[in-house]
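Engineer: First, the structure itself, so that you have it in front of you.
The values are calculated or read from the model by the stated rules, or taken from the named source; none is laboratory data. Note that the structure is predicted; figures quoted are calculated from it, not measured. Note that we place each Cβ from the backbone using ideal geometry, even for glycine, and neighbour counts take in every protein chain shown. Protein only, heavy atoms only, side chains kept; ligands, DNA and RNA dropped before computing areas. Shrake-Rupley method; radii C 1.70, N 1.55, O 1.52, S 1.80 Å.
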Amino acid sequence: MPVIAVIGAQWGDEGKGKIVDMLAEKARYVVRFSGGDNAGHTVVNHLGQFALHLIPSGIFSPQTTCVIGNGVAVNPDVLLKEMNQLNQRGVDTSRLIISDRAHLIMPYHVLLDNLEEKLRAARAIGTTGKGIGPAFADKAARLGIRAGEIIDVDGFRERLRVILDYKNAILERIYGTAPLSFDQIYRQYSEFGKILKPYIRDTSDMLLGLRPDEMVLLEGAQGALLDPDFGTYPYTTSSSCLASAGSLGSGICSNKVTGILGVYKVYCTRVGGGPMPTELKDETGDTIRETAHEYGTTTGRPRRCGWFDAVAARFSSRINGFTRIALTRLDIFDAFPTLKICTGYKLDGNVIDYFPASVSALERCQPIYEEIPGWQSSTKNIRKYEDLPLKARQYVEKLANIANCPISLICVGPERDQTIEVRPIL
Ligand code: GDP
Ligand code: IMO
Ligand code: MG
């Protein structure tokens with residue numbers, strides 16, 4: 001039973017949603033294992049274009065069960081709206097299951113996320129404002145409320161009272177804002193519990209009874225460079241984005257994971273604050289943004305664009321242990337006469353080839369570029385590797401050498417079928 005993790009290899013938005021939607025045609029389960037509705041996964045298939053935030057991108061495949069794993073922080077209000085929107089467009093969401101161990105995003109998490117950002121002022125992280133940081137902080141502080149708790153009305157009442165007293169003290173005494181109403185939250189979340197009850201259960205037993213040929217996909221959110229341990233901390237998200245989180249956040253033990261597919265864009269983007277050594281604050285950056293329509297799926301913010309960063313890419317491949325890579329958005333470079341790859345950084349007068357842990361060091365890193373000729377012809381309708389222009393093949397082979405990993409898939413457009421299968425994902 002192949003278990004394959006699909007992981008963002010950069011700063012998120014690499015095209016994980018597209019890859020998962022495509023692979024899900026052959027999957028028994030697709031499991032989201034981290035993050036929350038900070039994620040925005042765009043899927044374009046025979047049913048139209050969709051922006052998913054919490055629901056796994058396998059939802060369009062009728063034989064696939066979609067799981068929101070224990071590692072996800074779930075805002076039930078957002079989830080129900082997303083389910084309704086999909087239902088209205090004819091997508092069946094009855095095959096969704098939610099781990100009873102998944103933490104819930106509560107109204108005070110969203111409030112505190114935005115208040116904390118204001119307090120950070122010039123050093124704001126640029127969060128999505130969805131309450132992600134405060135929710136995962138509460139999980140670690142043992143102040144979280146889990147999905148399984150809102151279906152036990154009495155237990156929930158007691159837990160909420162203790163936690164809300166504490167949160168209201170912070171809201172009133174630190175931020176000087178009005179306290180939140182216990183009755184209102186209790187009523188609202190009990191109602192969510194009633195509606196979501198049929199979906200909430202222990203999801204850690206997924207592999208039991210699975211046939212050897214049935215595949216499980218672990219759908220990553222965000223990207224390795226937003227990981228709180230290995231990313232550009234503190235400009236990161238608050239739950240792990242790495243392949244190793246795939247087993248922890250799903251309950252599938254790590255020795256069952258058989259493949260790790262790293263998803264890279266052929267350039268870099270980042271949304272929000274924090275260092276990005278290859279960022280282009282010039283016309284070339286604008287050209288990438290406008291050609292690729294690089295605007296956030298969740299917040300609509302313009303994404304910062306830059307050349308492919310080999311230093312960051314090598315680091316991300318190593319810490320994730322990619323067994324295959326997928327390259328997306330090759331078509332965006334179709335008209336570019338030349339491309340650049342950042343092969344090293346100049347830091348305080350020295351050339352380095354590693355990705356520094358320190359944000360202040362990263363902010364001082366100047367990219368060193370290698371220039372590469374573009375192919376200047378359309379790749380959008382190409383479906384076979386050997387039909388790609390020679391210069392495009394040379395470019396992607398360079399990226400594969402950097403990631404030290406064979407290419408499985410190359411995407412040449414947003415549609416499910418705008419994909420070149422170079423070799424199997426396993
Ligand atoms: P995710 O968060 O990793 O799922 O990525 P997003 O959905 O936030 O952003 C990726 C964007 O690129 C989406 O709008 C996709 O439809 C689009 N996309 C994915 N692959 C390709 C590709 O090869 N070419 C083009 N032009 N767009 C792509
Ligand atoms: P997908 O799954 C890109 C960024 C935010 C911010 C930082 C922290 O679509 O790739 P948070 O709200 O998580 O506390 O914000 O992380 N961020 C993302 N950037 N893609 C995402 O998800 C992201 N999820 C969070 O912009 O810089
Ligand atoms: Mg996204």
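Engineer: Within segment 335-353, is there a residue that is within 16 Å of ligand 3 (Cβ to nearest atom), on the phi < 0 side of the Ramachandran plot and not acidic (Asp, Glu)?
Structural biologist: Taking every residue of segment 335-353 in turn, none turns out to be within 16 Å of ligand 3 (Cβ to nearest atom), on the phi < 0 side of the Ramachandran plot and not acidic (Asp, Glu).
Engineer: Moving to a separate point now. Are there any pairs with C-beta distances below 7 angstrom linking a residue in segment 216-238 that is in a strand (DSSP E or B) to a residue that is of a type outside the set (Val, Ile, Thr) and within 12 Å of ligand 1 (Cβ to nearest atom), with the two at least 6 apart or on different chains, and if so which?
Structural biologist: GLU219/LYS16; GLU219/ARG32; GLU219/PRO56; GLU219/SER57
Engineer: Okay, moving on. Under 6 Å by Cβ, and 6 or more places apart or on different chains, what pairs join a residue from segment 111-129 that is within 16 Å of ligand 3 (Cβ to nearest atom) with one that is open to solvent by 70 Å² or more (accessible area, probe 1.4 Å)?
Structural biologist: These pairs meet every condition: GLY129/ASN114.
Engineer: Taking only segment 147-179 into account, find how many residues are crowded, with 19+ Cβ neighbours inside 10 Å and either of a type in the set (S, T, N, Q) or not in a helix (DSSP H, G or I) (or both).
Structural biologist: Number of matching residues: 0.
Engineer: Moving on to the next point. For segment 275-311: of the residues being among the small types (Gly, Ala, Ser) and within 17 Å of the chain's Cα centre (by Cα), which is farthest from GLY17 (Cα to Cα)?
Structural biologist: GLY300
Engineer: A further question on this structure: If we keep just the residues of segment 371-413 that are touching a Gly at 6+ places or on another chain (Cβ under 8 Å) and open to solvent by 70 Å² or more (accessible area, probe 1.4 Å), which is nearest to ligand 2 (Cβ to nearest atom)?
Structural biologist: LYS380
Engineer: For segment 130-146: of the residues being farther than 20 Å from ASN168 by Cβ and touching a residue at least 40 places away in the same chain (Cβ under 8 Å), which is most open to solvent (accessible area, probe 1.4 Å)?
Structural biologist: ARG146
Engineer: Then there is this: Kindly indicate whether any position in segment 192-205 is within 16 Å of ligand 3 (Cβ to nearest atom) and at negative phi.
Structural biologist: No, every residue in segment 192-205 fails to be within 16 Å of ligand 3 (Cβ to nearest atom) and at negative phi.
Engineer: Okay, next question. Quick check: anything in segment 348-362 in a strand (DSSP E or B) and touching a helix residue (DSSP H, G or I) at 6+ places or on another chain (Cβ under 9 Å)?
Structural biologist: Taking every residue of segment 348-362 in turn, at least one turns out to be in a strand (DSSP E or B) and touching a helix residue (DSSP H, G or I) at 6+ places or on another chain (Cβ under 9 Å).
Engineer: Additional query: Residue check: is ASN320 polar (S, T, N, Q) and either over 15 Å from the mean Cα position of the chain (by Cα) or surrounded by fewer than 24 Cβ atoms within 10 Å (Cβ to Cβ) (or both)?
Structural biologist: no
Engineer: While we're looking at this one, here's another question. Condition test on LEU217, is it outside the structural domain of GLY296 (by TED's automatic domain parsing), among the hydrophobic types (A, V, I, L, M, F, W, C) and modelled with pLDDT of 95 or more?
Structural biologist: yes
Yes or no, residue by residue, for (1) assigned by TED's automatic domain parsing to the domain that holds ASP205; (2) near ligand 1 (Cβ under 10 Å from one of its atoms); (3) farther than 27 Å from PRO302 by Cβ:
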position	(1), (2), (3)
ASP13	yes, yes, no
LEU23	yes, no, yes
ALA27	yes, no, yes
ARG32	yes, no, no
GLY36	yes, no, no
ALA39	yes, yes, no
THR42	yes, yes, no
GLN49	yes, yes, no
SER61	yes, no, yes
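Engineer: If I filter segment 214-222 for residues that are within 16 Å of ligand 1 (Cβ to nearest atom) and either open to solvent by 40 Å² or more (accessible area, probe 1.4 Å) or acidic (Asp, Glu) (or both), do I get at least one hit?
Structural biologist: Within segment 214-222 (the criterion being within 16 Å of ligand 1 (Cβ to nearest atom) and either open to solvent by 40 Å² or more (accessible area, probe 1.4 Å) or acidic (Asp, Glu) (or both)), the answer is yes, since at least one residue qualifies.
Engineer: What's the number of the only condition in (1) over 21 Å from THR236 (Cβ atoms); (2) away from ligand 3 (no atom under 15 Å from the Cβ); (3) open to solvent by 10 Å² or more (accessible area, probe 1.4 Å) that GLY274 fails to meet?
Structural biologist: GLY274 satisfies every listed condition except (1).
Engineer: Please tell me if VAL20 is closer than 16 Å to GLY259 by Cα, outside any strand (DSSP E or B) and within 14 Å of ligand 2 (Cβ to nearest atom).
Structural biologist: yes
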